[in-house]
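What follows is a set of notes on a single structure, which appears directly below.
Coordinate-derived values only; no laboratory data. Predicted model, so just to flag it, every value in this text is computed and none were measured. Note that we place each Cβ from the backbone using ideal geometry, even for glycine, and neighbour counts take in every protein chain shown.
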């Protein structure tokens with residue numbers, strides 16, 4: 001097989017390193033079959049010269065691809081696309097459409113050779129300020145004795161100071177004593193669910209909502225009832241009906257850049273929601289995990305900041321704004337719940353690692369998070385814009401979606417359920433992973449949906465992914481005899 | 001007030017740094033009142049000359065004491081014992097004798113100025129191989145993109161390889177696929193309790209047992225029933241009666257270097273226990289957290305290694321052999337439970353931090369744990385010997401205890417309950433913290449007990465602590481009109 005010729009545009013203004021741009025291009029071509037298994041790649045010297053970069057850049061790109069199994073090098077023979085890229089059974093699909101199975105798949109998808117994942121609502125790990133972070137860790141070796149010991153269950157005091165400072169700047173009236181450090185939003189929600197609800201109880205969620213909470217509730221034996229969303233947020237008429245009918249222990253909402261829809265609840269709706277829940281004595285659990293990832297106008301204040309009655313429990317984390325691997329988040333709750341949450345945290349896993357907590361505290365104190373957000377928000381905005389343009393350009397008009405105003409997710413709703421049931425499996429066979437919409441739903445839906453995530457993907461990958469998704473949808477639309485009317489609940493607003 | 005004169009012996013063969021030996025000596029004198037608040041300490045130059053060490057050593061010791069609040073320095077005036085050491089209300093005591101309140105106190109005791117804690121069953125953080133550990137962390141910056149991302153919920157594959165290798169060497173037949181990484185034994189036990197037992201169910205525990213499990217069971221609504229221990233382990237006659245009466249979901253045991261007693265179950269008892277539990281179809285949850293900290297003969301194989309029927313769930317961690325701040329442990333369970341445990345872990349906190357998992361994996365692969373144990377086991381053995389000698393020398397003969405054969409704990413049982421009820425409060429007033437025995441008990445006891453921990457304390461602190469404990473016990477014994485007969489269940493074996 002002759003050496004393939006590679007020619008693509010490198011964006012030198014892009015903060016993504018050149019070697020990563022090159023490896024992403026190669027992954028794209030391998031995934032879509034333009035570079036088949038066994039294809040011979042140019043030599044390092046040749047490709048460096050073609051692209052006008054140093055040989056080290058090409059070596060780094062090849063080395064990343066090789067260690068992840070996409071390509072193979074043999075001394076004296078050259079570099080080839082790995083035969084592994086044909087060896088995977090993408091057609092296996094996602095067997096059981098439960099949140100549990102899907103969470104598992106999402107976490108492992110990035111490790112499958114030949115697959116690109118639009119399934120994980122993650123930040124781009126390549127943008128993480130590793131040097132700054134590791135240098136804080138290194139400094140803390142001087143205080144190793146404290147760092148290797150147990151932390152308090154409520155959380156490292158220095159971290160609680162920084163979290164409360166952070167939240168105060170966002171309009172929340174919070175002191176370090178009010179903050180409970182948790183191992184991410186998943187743990188925060190698990191502690192809250194177990195504290196506020198007993199097995200057999202009902203709680204209300206947005207439809208669609210965060211799949212992790214649905215899984216947590218299921219294992220706790222708590223019933224989730226879905227409340228539909230409109231353009232401004234949860235439909236309050238439906239919410240009131242559900243409160244009357246189900247006597248829920250709380251209403252769970254992601255008001256700002258909702259997962260999976262990317263929507264932001266309007267200020268008016270927030271105020272009405274607080275009034276309505278107060279009238280029925282229903283607590284609100286507010287998940288703010290994407291709250292700082294605003295790409296357009298500033299978002300309205302969190303519900304917790306608007307609340308005057310102590311009816312909101314607030315959960316957030318550093319997984320999306322910084323890195324998921326930290327496993328650090330926080331809960332702020334009215335005093336009558338705070339002690340019980342702390343006690344349950346103690347019974348669950350005692351405390352979070354001291355070294356990571358203190359590292360994050362110093363990183364926040366040094367202004368590291370603000371610097372990082374200033375740098376990455378324009379990049380994520382550009383990716384969002386790329387996604388929106390690609391969706392506008394490619395998607396059939398009968399597919400409904402909403403421009404994400406922040407966060408990492410978009411939610412595409414098909415005009416019907418049939419013939420789209422196998423959409424994510426078909427995409428997997430083509431080397432693309434998206435998340436099946438079913439796992440975000442507390443109630444069955446009439447239409448098929450999928451979630452696609454763009455945060456961790458470069459613009460060219462986003463474009464290629466939307467192409468693949470659109471093509472798969474069109475193929476299935478063509479099998480429908482009659483054109484399907486669009487669904488009024490999901491007006492495209494782009 | 002004139003400058004006090006300080007004169008004490010430094011042990012240059014001791015791996016504890018000289019500056020730490022000095023700061024420990026000073027803490028001891030401040031705690032017991034020999035150095036009262038306001039006492040003027042020698043200058044750095046003077047003390048360096050008196051003790052024959054460099055000025056840097058004294059500066060380090062003073063600086064540690066100062067940052068922890070024990071002493072105060074004023075430029076031009078000198079260094080004084082802090083007035084804070086009088087400001088604490090040690091008499092506050094531990095108000096509510098619940099495991100929850102006590103866990104909280106244990107975690108915070110080390111931060112109280114003027115107090116020395118024999119309450120925490122922790123390794124000595126000063127012995128931790130910080131340099132080696134931090135250098136592994138530093139290496140992993142090269143793979144930052146992976147390190148800052150989500151891990152799989154089951155645990156980093158490389159860490160599971162090392163854990164299974166470790167367990168195989170201890171006689172357990174375990175593959176990497178069998179290992180579930182958890183955030184410490186507390187989390188492992190919480191996951192197991194929620195998987196095996198429902199609210200209202202009964203489970204059996206040793207009497208006394210690990211207080212963290214009692215707290216976890218309480219919040220889960222599960223009843224713990226205590227089974228007494230004799231010299232070889234749990235009393236199997238009592239265990240059988242309890243199994244018949246309470247139909248427990250499982251029996252929880254710490255066979256090797258039990259917390260809080262330090263005892264090791266004999267091989268014969270292990271084999272009989274497995275037979276008995278098999279006969280009644282009762283699962284065994286084996287907590288091996290102290291299993292490698294053997295100071296005398298090698299301990300018998302874990303129950304999991306002896307089990308032929310898949311009736312044992314095995315939990316362990318690196319908190320005691322390495323560092324608690326890691327928050328990393330593992331569960332190995334028969335396949336029919338493994339999937340449910342993994343699913344519950346996913347619903348609890350998704351996964352452990354990737355960077356810490358991989359750091360531990362490389363540290364284990366490099367032989368770091370074995371090197372560390374070779375270095376620290378002789379130190380802990382010496383501390384255990386110091387404790388045993390001091391208890392033999394000082395304790396009244398009516399106090400019952402058992403020579404700890406491993407781990408960090410000893411368990412002292414008074415001849416009665418009255419007049420010892422205020423024992424831990426009285427010790428707190430004198431600057432010593434011990435753990436009240438009540439929190440380790442599923443059933444009320446006729447005698448007062450306390451747990452004292454020696455792992456993190458140097459021999460001179462252990463001697464001083466045992467002196468204080470013995471004195472407080474004798475004072476209370478003297479208030480008893482009649483000599484109390486010794487309790488046959490707790491024969492002193494030293």
**Report entry** In degrees, nearest ten, helix B:211-220 long axis to first principal axis of chain B (Cα)
**Finding:** 50
**Report entry** DSSP-defined antiparallel bridges as percent of all bridges, chain A, nearest 5
**Finding:** 60
**Report entry** Sequence ranges A:213-221, B:235-243, ranked by mean other-Cβ count within 10 angstrom, highest first
**Finding:** A:213-221, B:235-243
Query - Per-residue mean of C-beta atoms belonging to partner chains within 10 Å, peptide A:218-231 - result: 1
Query raised in the report: Relative contact order, percent, of the range B:130-367 when contacts are C-alpha pairs under 8 Å separated by at least 6 residues?
Result: 29
Query raised in the report: If contacts are Cα pairs under 8 angstrom and at least 6 residues apart, what is the relative contact order of chain B in percent?
Result: 19
Query - Order of B:73, B:82 - criterion: other Cβ atoms within 10 Å of each residue's Cβ, fewest first - result: B:73, B:82
Query raised in the report: How far is the Cα center of the range A:307-347 from the Cα center of the range B:301-348, in Å?
Result: 27
Query raised in the report: Can you give the angle from 0 to 90° between the axis of helix A:368-394 and the longest principal axis of chain A, with both taken from C-alpha atoms, to the nearest 10?
Result: 70
Query raised in the report: Averaged across the residues of A:138-146, what count of C-beta atoms belonging to other chains lies within 10 Å of each residue's C-beta?
Result: 5
Requested in this report: Could you work out how far helix A:335-348 tilts from the main Cα principal axis of chain A, as a 0 to 90 degree angle to the nearest 10?
Outcome: 50
Query raised in the report: Fewest to most neighbouring Cβ within 10 Å: what's the order for A:126, A:160, A:327?
Result: A:126, A:160, A:327
Query raised in the report: For label points placed 7 Å from Cα toward Cβ, what is the shortest-first list of nm distances from residue B:218 to its copies?
Result: 3.3
Requested in this report: Find the relative contact order for the range A:18-87 and round it to a whole percent, using C-alpha pairs within less than 8 Å whose residues are 6+ positions apart.
Outcome: 40
**Report entry** Pseudo-label separations to other copies for residue A:161 - Cα-to-Cβ vector, 7 Å, nm
**Finding:** 4.2
Query raised in the report: What fraction of the DSSP beta bridges in the protein assembly as shown is antiparallel, stated in percent and rounded to the nearest 5?
Result: 60
Report task. Kindly work out what percent of the DSSP beta bridges joining two residues of the range B:130-367 are antiparallel, to the nearest 5. Result -> 40
Query raised in the report: Between the range A:226-284 and the range A:1-77, how many Å separate their Cα centres?
Result: 49
Query raised in the report: So what's the back-of-envelope 222 nm ellipticity for the protein assembly as shown, counting only DSSP H runs of four-plus at -39500 (n - 2.57) apiece and dividing by all residues, rounded to 500?
Result: -13000 deg cm²/dmol
Report summary line: Fewest-first ordering of A:44, B:331 by Cβ atoms within 10 Å yields A:44, B:331
Query raised in the report: Can you list, shortest first in nanometers, how far residue A:199 lies from the same residue in the other copies, with each label 7 Å from Cα toward Cβ?
Result: 0.9
Report summary line: Each residue of B:147-157 has, on average, a number of other protein chain C-beta atoms within 10 Å of its C-beta equal to 6
Requested in this report: Compare the peptides B:279-287, B:202-210, B:250-258 by average per-residue count of other Cβ atoms within 10 angstrom and give them in order, highest first.
Outcome: B:250-258, B:202-210, B:279-287
